[in-house]
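> One structure, pasted below without further comment.
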Amino acid sequence: MEALSGRKLRCVLIDDEPLALDVLAGYCAQVPFLELCGQFHDALQALAFVQDHPVDVIFLDIHMPRITGLQFVQLLPQPAPRVVFTTAYAQYAVQSYDLAATDYLLKPIAFERFLQAVGKLRAPAAPAASQPPAAQPETPVAADAMFVKNEHRLQRVAFDDILYIEGMKEYLMIYTAESGKILTLQSFRRVEEVLPPQRFARIHKSFLVALNRIEHVERGKVQIAGRLLPVGDSYRDAFMGLIRTHNQL
């Protein structure tokens, strides 16, 4: 790929969350040397665009329907554009560097961190034959919050603020200590992938709890913020094992 330092960088955003695309588009608009060429919530549509149009940089989510961001990178035409992963999942960092990603941004992405990533993009890539051994990637700082859909916005929810989460058909009600109740159109599976597993546990098909918020455990129930929540039979053994691990019994 030609050197990128002397002109605008043509970039594409790919994320299945429209509000996440809006955040990144707003960031790109504030950087004079970035030229936003397209925004896609469907990775396959984005792949078709990239195959037909010159693109320098792709800001790419990892968890998407149909194909993942990691799979997407392996389908890119060669020479491939630079890739910056934008995701809520820290566990893919090492794999992303194996795919020669320029950077790995953990959501929620601060504008200052975004600027650090685009700063790396302006340096031309060295030819493979003359490239020095790659430095070990920085270990991403663990996220301390998640963003959830709430009405027409993405709302930040700090992990420390969560008491428990209750499933309500296709919705989740997040009970917090400081922010009250937050209703979001979300699945338990997606939330469980984001929450630190050492701090939260699924205790029932309808309840997920913060371990450090448990007041007591009794007769197949746990109490949090004065409310008794049931522990489902299929979750009991794993939950009690977690409690013992955390020295709470």
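The values are calculated or read from the model by the stated rules, or taken from the named source; none is laboratory data. All of these numbers come straight from a predicted model, not from anything done at the bench. Don't worry about glycine lacking a Cβ; one is built from the backbone with ideal geometry, like all the others, and counts go over all protein chains shown. Remember, those area values only see protein heavy atoms, side chains included, never the ligands or the DNA or RNA. Shrake-Rupley method; radii C 1.70, N 1.55, O 1.52, S 1.80 Å.
> Mind checking which pairs have a first residue in the range 14-43 that is of a type in the set (Ser, Thr, Tyr) and a second that is not in a helix (DSSP H, G or I), Cβ under 8 Å, 6 or more apart or different chains?
27/109
> Output the residue which, of all residues in the range 191-249 that are assigned to a helix (DSSP H, G or I) and closer than 27 Å to residue 87 by Cα, is most open to solvent (accessible area, probe 1.4 Å).
Kept after step one, since they are assigned to a helix (DSSP H, G or I), are these residues of the range 191-249: 191-194, 211-213, 233-245.
Pick out the ones that are also closer than 27 Å to residue 87 by Cα and you get 191-194, 211-212.
On the way: 191: 5, 192: 78, 193: 58, 194: 32, 211: 4, 212: 115 Å².
Across the range 191-249, the extreme among qualifying residues is 212.
> Return a yes/no flag: does the range 31-40 have any residue that is part of a helix (DSSP H, G or I) and of a type outside the set (D, E, K, R). It would help to see each step written out before you state the result.
Taking the range 31-40 first, the residues part of a helix (DSSP H, G or I) are none.
Scanning the range 31-40, I find no residue that is part of a helix (DSSP H, G or I) and of a type outside the set (D, E, K, R), so the answer is no.
> Here is a follow-up. Taking the range 165-194, which residues are farther than 20 Å from residue 151 by Cα and touching a helix residue (DSSP H, G or I) at 6+ places or on another chain (Cβ under 7 Å)?
Answer for the range 165-194, where residues must be farther than 20 Å from residue 151 by Cα and touching a helix residue (DSSP H, G or I) at 6+ places or on another chain (Cβ under 7 Å): just 177.
> What number of residues within the range 155-175 are open to solvent by less than 20 Å² (accessible area, probe 1.4 Å) and hydroxyl-bearing (Ser, Thr, Tyr)?
Of the residues in the range 155-175, 1 are open to solvent by less than 20 Å² (accessible area, probe 1.4 Å) and hydroxyl-bearing (Ser, Thr, Tyr).
> I'd like to check which strands (runs of 3 or more DSSP E) are fully inside the range 72-172 and have at least 3 residues that are over 27 Å from residue 43 (Cα atoms) and modelled with pLDDT of 85 or more.
Values: elements: 82-87, 103-106, 145-150, 153-158, 162-168.
Correct list: 162-168.
> Among the listed residues 52, 22, 15, 61, which satisfies the condition of being open to solvent by 60 Å² or more (accessible area, probe 1.4 Å), closer than 23 Å to residue 113 by Cβ and of a type in the set (D, E, K, R)?
22 is the lone residue from the list that is open to solvent by 60 Å² or more (accessible area, probe 1.4 Å), closer than 23 Å to residue 113 by Cβ and of a type in the set (D, E, K, R).
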